[in-house]
Amino acid sequence: MQLNEHAPAYRFGADVSGALKDEVIIMRYRICDMCGQPLEENTLRYEARIQVYAAYDPLEISFADLKGDFREELRRVAEACRDMSEEELMRQVFTELHLDLCPRCQQVYIRNPLPQLPDSQ
Ligand SMILES: [Zn+2]
């Protein structure tokens, strides 16, 4: 997932005698988010970018709607959100996943992108 895109980064460097020197090389690597295998640089790998967001139907707002008193509605919404963190609230509206996949897992994933829920079997 997104978390392994930039981490970990290893730094190393050595001169011809093998002694460490100041020059560093930064290597980044990715792992397959399904099987955990390392995804070597310059080899075939896949990315799955998934956005899950709240869908809505277009609103039709009349002048009469705008004249209404919304304080009770706002109070109800504020009460429903009171014990939720900002992160939880945001996750209910929009979530984006970024998966790195090896070729084998890409084949598995595209055949079954929506696994069954555990209690629906
Ligand atoms: Zn894999």
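The values are calculated or read from the model by the stated rules, or taken from the named source; none is laboratory data. Since we're looking at a predicted model, the values are computed, not measured. Quick reminder, even Gly has a Cβ in these numbers, built from the backbone with ideal geometry, and neighbours come from all protein chains shown.
Summary of values
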read-out	value
Residue in region 70-85 that is among the β-branched types (Val, Ile, Thr) and farther than 30 Å from Val108 by Cα present	yes
Residues within region 32-63 that are more than 12 Å from the ligand (Cβ to nearest atom) and closer than 20 Å to Arg91 by Cα, tallied	9
Matching residues, region 93-110, being assigned to a strand (DSSP E or B), aliphatic (A, V, I, L, M) and more than 8 Å from the ligand (Cβ to nearest atom)	Leu97, Leu99
Selection status of Met84, free of Cβ contacts under 8 Å to residues at least 40 places away in the same chain, assigned to a loop (DSSP other than H, G, I, E, B) and surrounded by 10 or more Cβ atoms within 10 Å (Cβ to Cβ)	yes
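Here's the yes/no breakdown for (1) at pLDDT 60 or above; (2) of a type in the set (Asp, Glu); (3) surrounded by 10 or more Cβ atoms within 10 Å (Cβ to Cβ); (4) in a loop (DSSP other than H, G, I, E, B):
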| position | (1), (2), (3), (4) |
| --- | --- |
| Asp33 | yes, yes, yes, yes |
| Asn42 | yes, no, no, yes |
| Gln51 | yes, no, no, no |
| Asp69 | yes, yes, no, yes |
| Glu88 | yes, yes, yes, no |
